[in-house]
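These notes are about the structure you will find just below.
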Amino acid sequence: MIIDYLHGGHPVDVDADLCIVGGGAAGIAIARAFLGTRFNVCLIESGGLGGEDRNQALYEGSSAGDLEFDPGTSRMRVFGGSCNLWGGGCIPLGRQDLERREWVPHSGWPIDYAELEPFYRRAREYCRIGALDLADGSFAEPPFHASLRFDEDKLVNQFFARSPILFGDAYRTELERAGNITVLLHGNLLELKASADGRRVREAHIGALSGARCVVRARHYVLACGGIENARLLLLSNSVMPEGLGNQHDVVGRYFMDHPSGKLGTLTAKAPHRITRPYERRRIKGAPPAFPEIALSPQFQRRHRVLNGRVHPFGVEGPLPRGIRALRELKTALRNTVPDENALLEARLSEALRNAPVGHVITAPDNLGLTALKLGLGVGDLARACVHKLTDRPTVANSHVDLVGYFEQAPNPDSRITLGQDVDAFGQRKVKVDWRLTALDHETYRSSARVFGEEIASAGKGHFELEPWLEEQGNARPQVHGTAHHMGTTRMSDHPGTGVVDARCKVHGMDNLHIAGSSVFPTGGWAFPTFTIVALSMRLADELRCLLATCASSGLL
């Protein structure tokens, strides 16, 4: 059942066995694990079925760190979560990503790869990527794949799969039809009210922008609102514990990480498409949906004492032939429709999250007749483009290749989420992001940029030119930005002094509060986080089913 708080008919109180706050990849995965069971689940989502500016404004906040960070445009408040904007990338973390690395302070997960692997296998079905075999930090390389070859002591090709779904769209119907699951849309968590001793959550107080209010009471609660909002909601739940829930050791919100990204340099070559073509995310009929990325090998990371990272070669088109430009303008005109609020919001957020070079800007023409004339005059350009396509070359020749890096970030307790002084529409304090890098981050960019550029240039018979900001020594400001992979703010640890949740994702010092999502990651490798989020959520769902079954068998339900 789905109930929308903005359209009336909502209950004042809800009783459930499990309350999940957040209807993104993690929350939906946990809710689905209870389909057809005897347990009642309430899944609370602050957004609606489509994006809305008024709702999105609740994500706004401020930036306080050396690196500018906009919390209002790096996530989306909607059923299905920020994955409504994702590119579908799925890849497991590697064994070394989870291990304690003595050159990476605060590294090491309290669980190992063997603990995660069975849940990675189950996550493939949820993400609908097929039964691809797992490898170390990768899916197995498809046969006959023509990626570049490198010295594997330095660089390796790691393969990710591409999910074809948006989780909210894919699983909405089965959640709507489920007799034991209630989805509350436009329900915003205002506070998790704790017992007097702070050891249990008694109830979740929910509000809608319409002014409606509700209380949800459950046996167990899960926060699944993302790497920023999970920390903010714990800090806001402070009527009993002034420092916020799970924050006795001042760890909530600390160790905030992203996957910093920036241009590392430029490659020139006689045939640049031979460098870029193997790494274009083209789906070839009959081939497995696995695509390579160029990554630092575990050996290189250990030997040079750096973090993990990958690079992507982006072909930059040269001058656009007249016929090709006219064809693109015509296509733009033919698909030019009046976007709704959701489409406009998605476009704005996608532009803010862009982490690839900007190509030629094509707008709809004012005069279709003139465009058709240009198309006719440029028929030779179209013919050449067809020949290029038949020989597996880009329709427009690349002038050069931009190498863009994407890196693991070192865990840093001074990189953190706190509450600012400004308030949102509910009178709740907005988030303040203090995003900070360390000397290890800077050294990783410098060391890896050269090996990426030189190895790819060698494999592709080209020349590499390093970006000026990477030639400077010391702590020169790195030219990087975030990629909306927010991690670490409720990190997993066996010790409450260094983490917010334990190895089973239960909040330290609390009996019935759990956290799902990338906020529990102690480190993040370079991997797109969604696949690991889903795997950990399935693992947590199994734990919750056992806990609720124990309650039922002891007569507590």
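The values are calculated or read from the model by the stated rules, or taken from the named source; none is laboratory data. Predicted model only: the values in this text are computed from it and were never measured. Note that each Cβ is placed from the backbone with ideal geometry, even for glycine, and that neighbours are counted across all protein chains shown. Only protein heavy atoms, including side chains, enter the accessible area calculation; ligands, DNA and RNA are left aside. Shrake-Rupley method; radii C 1.70, N 1.55, O 1.52, S 1.80 Å.
So how long is each side of region 399-462 along the principal axes, counting just the alpha-carbon atoms, biggest first, in Å?
59, 29, 11
Need one number: convex hull volume per residue for region 100-187, Cα atoms only, in Å³.
So the per-residue Cα hull volume is 207 Å³.
List the trypsin sites (Lys or Arg not before Pro) within region 208-244 that DSSP assigns to loop and that have no more than 13 neighbouring Cβ atoms inside 10 Å.
Here no loop site has a sparse enough neighbourhood.
In a shell of Cβ-Cβ distance under 11 Å around A541, excluding A541 itself, what net charge do Lys and Arg (+1) and Asp and Glu (-1) give?
+2
Probe 1.4 Å, all protein chains in place: accessible area of L320 in Å², nearest 10?
Rounded to the nearest 10, the figure is 30 Å².
Counting pairs of alpha carbon atoms under 8 Å apart in space and at least six apart in sequence, what relative contact order in percent does region 32-73 give?
25
Classify region 195-247: rounded, prolate or oblate, from the alpha-carbon gyration tensor (a ≥ b ≥ c, eigenvalue square roots; a/c under 1.5 rounded; otherwise prolate if a/b is larger than b/c)?
oblate
Relative to 2.2 N^0.38 Å, what does the C-alpha radius of gyration of region 188-312 come to as a ratio? Two decimals please.
1.72
Considering only Y445, Q428, N412, whose Cα is most displaced toward the positive end of the charge dipole of region 400-472, charges sitting on Cβ of Lys, Arg (+1) and Asp, Glu (-1)?
It is Q428, whose Cα lies furthest towards the positive end.
Which loop GluC sites (Glu not before Pro) in region 146-239, with loop taken from DSSP, have no more than 12 other Cβ atoms within 10 angstrom of their Cβ?
Sparse-neighbourhood loop GluC sites (Glu not before Pro): E152.
Return the carbon/sulfur percentage of the accessible area of region 387-465, one whole number, probe 1.4 Å, all protein chains in place.
Solvent-exposed carbon and sulfur of region 387-465 make up 47 percent of the total.
Starting from the Kirkwood radius over alpha-carbon pairs of region 437-545, derive D by Stokes-Einstein at 37 °C in a medium of 0.692 mPa s and give it in µm² s⁻¹.
195
Could you tell me how many degrees, from 0 to 90 and to the nearest 10, lie between the Cα long axis of helix 113-127 and the main elongation axis, the longest principal axis, of the Cα atoms of the chain?
So the inclination is approximately 80 degrees.
Projected onto the charge dipole of the chain (+1 at Lys/Arg Cβ, -1 at Asp/Glu Cβ, origin at the Cα centre), which of A385, P313, H360 gives the Cα projection farthest towards the positive end?
After comparing all options, I get A385.
Give me the net charge for the shell around R101: Cβ to Cβ below 10 angstrom, other residues only, Lys and Arg +1, Asp and Glu -1.
That works out to 0.
For region 442-497, compute the orientation-averaged projected area of the C-alpha convex hull (one quarter of its surface), in nm².
Computing the convex hull of the Cα atoms and averaging its projections yields 6.6 nm².
With a 1.4 Å probe and all protein chains left in place, how much of the accessible area of region 1-85 comes from carbon and sulfur atoms, in whole percent?
Within region 1-85, the accessible surface is 46 percent carbon and sulfur.
From the protein chains alone at 1.4 Å, what is the descending order of accessible area for M1, M510, largest first?
M1, M510
Would you tally the net charge around E465, using a Cβ to Cβ cut-off of less than 13 Å, leaving E465 out, and scoring K and R as +1, D and E as -1?
Local charge sum for E465: -2.
Over the chain, with the other protein chains present, what is the accessible area per residue in square angstrom, probe 1.4 angstrom?
41
I'm spelling it out carefully: the read-out is mean projected area of the Cα convex hull in nm², the candidates are [x] 32.1; [y] 26.7; [z] 28.7, and one was derived from this structure. Which label?
Read-out taken from this structure: [y].
Hey, can you grab everything whose amide H is under 5 Å from the amide H of G72? Only 5+ residues off in sequence or another chain; H modelled, so Pro and N-termini drop out.
When sequence neighbours closer than 5 places are left aside, the close amide H contacts are G61.
Where does helix 322-334 land angle-wise versus the long Cα axis of the chain, in degrees 0 to 90, nearest 10?
Rounded to the nearest ten degrees, it is 30.
Spelling out what I want: for every residue of region 196-208, take phi, set θ = phi - 60°, compute 6.51 cos²θ - 1.76 cosθ + 1.60 (Karplus), and round to whole Hz; glycine and proline get x.
4, 8, x, 8, 9, 7, 8, 6, 10, 8, 10, x, 10
Of K331/K461; K154/K461; K154/K389; K263/K461; K263/K389; K193/K432, which ones are farther than 25 Å apart at the Cα?
Exceeds cut-off: K331/K461; K154/K389; K263/K389.
Amide H of L134: which non-local residues (sequence gap of 5 or more, or other chain) have their own amide H closer than 5 Å, using H built in the peptide plane?
Amide H neighbours of L134: A140.
If the viscosity is 1.002 mPa s and the temperature 20 °C, what translational diffusion coefficient in µm²/s does Stokes-Einstein give for region 1-139 when Rh comes from Kirkwood over Cα pairs?
117
Taking just the alpha carbons, could you work out the radius of gyration and Dmax for region 1-50, both in angstroms?
In order Rg, Dmax, the Cα atoms of region 1-50 give 11.3, 31 Å.
Can you tell me the orientation of helix 226-236 relative to the chain, as the angle in degrees between its alpha-carbon axis and the longest Cα principal axis, to the nearest 10?
30
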